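Here's the structure, in structure tokens; my notes come after.
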Amino acid sequence: MDNQELIEEIEKGMVNTYSRLPRVIKKEIGSLMFDVEDEIIINFLSNYGSRIHHPKIIKALQEQAETLGAVSNAIYHTGLLFAGELADFCGYEKALLMNVGAEAIERIIKIVRKYGYSQMGIPRNELAKIITVSGAFHGRTYGAGSASDGSIDSHDFGPLLPGFIKIPFGNSKALKQTIKRKRYIAAVLMEPIQAEAGVNVPSPGYLAECKEICQEAGILFCLDEIQTGFGRTGKMFCWQHENAKPDIMAIGKAIGAGLIPVSAVVGNKDIIDIFEPGQDGSTYAGYPLACAVGSAVLRVIQETKLDEQAAIKGEVLMAKLRAIKSDYIKEIRGKGLLIGIELKPEAGGAQKLCKELGKKHRLFVKEAHENVIRLEPALDIPLPLIDLAAERIKKVLEK
Ligand SMILES: *Cc1c(COP(=O)(O)O)cnc(C)c1O
């Protein structure tokens, strides 16, 4: 079957939830993907920033698969030492292991509500509330979707989870006022940079101000670093750009290297260690393969200094993009290797240009929001591929 026939066959059996580039990928070598017609496509999305290519991670996965599969969470296994390693790596005492990002956010919602009732004295007949922000993306389940801005955006999906107060992103005054005016607020939850909303970078100092406001008010400051974590923005975690360490942090994506799903909530034990056995769980949470991959990822990130690589390569890419002279570009923004090119309306939308880049120039990128081309290559991408990608982007934008 050729590319088109395969797509038709795939679509017959698959529930359609994504708009896809019409190429069928069969293998990859690093950041180069090969489709079924042996076209070579540069991967500049890297599974939304989760892919890490390293033989040590592959080997860890293979060896673990041969040694021990899931034994259930009704018994211990040696891999569970990963929880402590991960917490320590992130600068906390404990980790609640999960599988996908949305699940980690669900757990944050559970934790802060319970914390609100049991530790903050929010009356149990009231709703412990969580402040979230405009443009937020936290995942597609009901809780995470309710914390998000529009990720469950049709009335046909029925009522969302109550208890979220939405304020504008990037405005710490709004946060202060909302905390003053409303009662029974347990936590604030946001992304340090909003990737899905179009790589929205708040002005410097915003996160630190939010953290301070939360501390003063005695409410929990929670960050979703699922996409920004593990070096993506040029620091190991995005909050480190302004020393705004959260009380609770959600991580996901890159900790599974794009090989298997791994996510977690990390925090200190007085805050996140509030479950009784039976109050939470997941069949695959912390199963041996996840722990082996996660552990290997932590080692590889440290050994290869992926955070520093992101900072350096991000500057190279940013400089090349800034040199493009195009009437289509409104703004180029981002940190490290999380970069957005915001287009003017006359460009005809980011989706059109992303499709053109993929189909004609074999550069795989994905729009974020309507007018932003999001660039998010693997942190281990070789510099020559960054050069090549920038040339292809230039071709599309300079015409
Ligand atoms: C991807 C993402 C999620 C959801 O993660 P899934 O693994 O897709 O459930 C949540 N928050 C942010 C910031 C993300 O980028």
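The values are calculated or read from the model by the stated rules, or taken from the named source; none is laboratory data. Note that the structure is predicted; figures quoted are calculated from it, not measured. Cβ placement follows ideal geometry from the backbone for every residue including glycine, while neighbour counts extend to all protein chains displayed.
For this structure, a couple of remarks:
- Taken over the range 171-197, the residue count meeting the criterion of being in contact with a Lys or Arg (Cβ under 6 Å, 6 or more places away or on another chain) and farther than 24 Å from Leu127 by Cα is 0.
- Take the conditions (1) under 21 Å from Gln240 (Cα atoms); (2) surrounded by fewer than 24 Cβ atoms within 10 Å (Cβ to Cβ); (3) touching a residue at least 60 places away in the same chain (Cβ under 8 Å); (4) hydrophobic (A, V, I, L, M, F, W, C); Leu338 misses just one of them, which is (2).
- For the range 359-367, the condition holds for at least one residue, the condition being that it is aliphatic (A, V, I, L, M), assigned to a strand (DSSP E or B), buried (at least 23 other Cβ atoms within 10 Å of the Cβ) and modelled with pLDDT of 95 or more.
- With respect to the conditions (1) surrounded by 14 or more Cβ atoms within 10 Å (Cβ to Cβ); (2) farther than 27 Å from Asp307 by Cα, Val71 lacks only one, and its number is (1).
- Pair list, Cβ < 8 Å and 6+ apart or interchain, from the range 99-127 residues that are of a type in the set (Asp, Glu) to residues that are more than 16 Å from the ligand (Cβ to nearest atom): Glu126/Arg183; Glu126/Tyr184
- Against the list (1) assigned to a loop (DSSP other than H, G, I, E, B); (2) surrounded by 11 or more Cβ atoms within 10 Å (Cβ to Cβ); (3) of a type in the set (Lys, Arg), the condition Arg124 fails is (2).
- Scan of the range 211-226 for residues that are in a helix (DSSP H, G or I) and surrounded by fewer than 22 Cβ atoms within 10 Å (Cβ to Cβ), ordered by number: Lys211, Glu212, Ile213, Gln215, Glu216, Ala217
- Hits in the range 64-99 - residues which are aromatic (Phe, Trp, Tyr) and either in a helix (DSSP H, G or I) or closer than 15 Å to Ile248 by Cα (or both): Phe82, Phe89, Tyr92
Residue-wise test of (1) within 12 Å of the ligand (Cβ to nearest atom); (2) surrounded by fewer than 24 Cβ atoms within 10 Å (Cβ to Cβ); (3) assigned to a loop (DSSP other than H, G, I, E, B).
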position	(1), (2), (3)
Pro204	no, yes, yes
Glu209	no, yes, no
Gly231	no, no, yes
Met236	no, yes, yes
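- Residues in the range 131-159 that are aliphatic (A, V, I, L, M) and more than 18 Å from the chain's Cα centre (by Cα): Ile131 only.
- Among residues of the range 138-150, those that are surrounded by fewer than 24 Cβ atoms within 10 Å (Cβ to Cβ) and near the ligand (Cβ under 9 Å from one of its atoms), counted: 2
- Val201 vs. criteria within 20 Å of the chain's Cα centre (by Cα) and farther than 18 Å from Ile332 by Cα: no
- Of the helices (runs of 4 or more DSSP H) lying entirely inside the range 247-322, those containing at least 2 residues that are within 16 Å of the ligand (Cβ to nearest atom) span 288-304.
- Qualifying residue in the range 39-56 (condition: among the basic types (Lys, Arg) and in contact with a Phe, Trp or Tyr (Cβ under 8 Å, 6 or more places away or on another chain)): no
- Only listed residue being surrounded by fewer than 20 Cβ atoms within 10 Å (Cβ to Cβ), under 24 Å from Ile25 (Cβ atoms) and more than 18 Å from the chain's Cα centre (by Cα), chosen from Glu315, Glu356: Glu356
- Checklist (1) touching a Gly at 6+ places or on another chain (Cβ under 8 Å); (2) within 16 Å of the ligand (Cβ to nearest atom) applied to Leu45, failing item: (1)
- Ala368 vs. criteria in contact with a Lys or Arg (Cβ under 7 Å, 6 or more places away or on another chain) and among the hydrophobic types (A, V, I, L, M, F, W, C): yes
- Test: residue in the range 114-130 that is among the aromatic types (Phe, Trp, Tyr), over 17 Å from the mean Cα position of the chain (by Cα), more than 16 Å from the ligand (Cβ to nearest atom) and under 22 Å from Ala217 (Cβ atoms): yes
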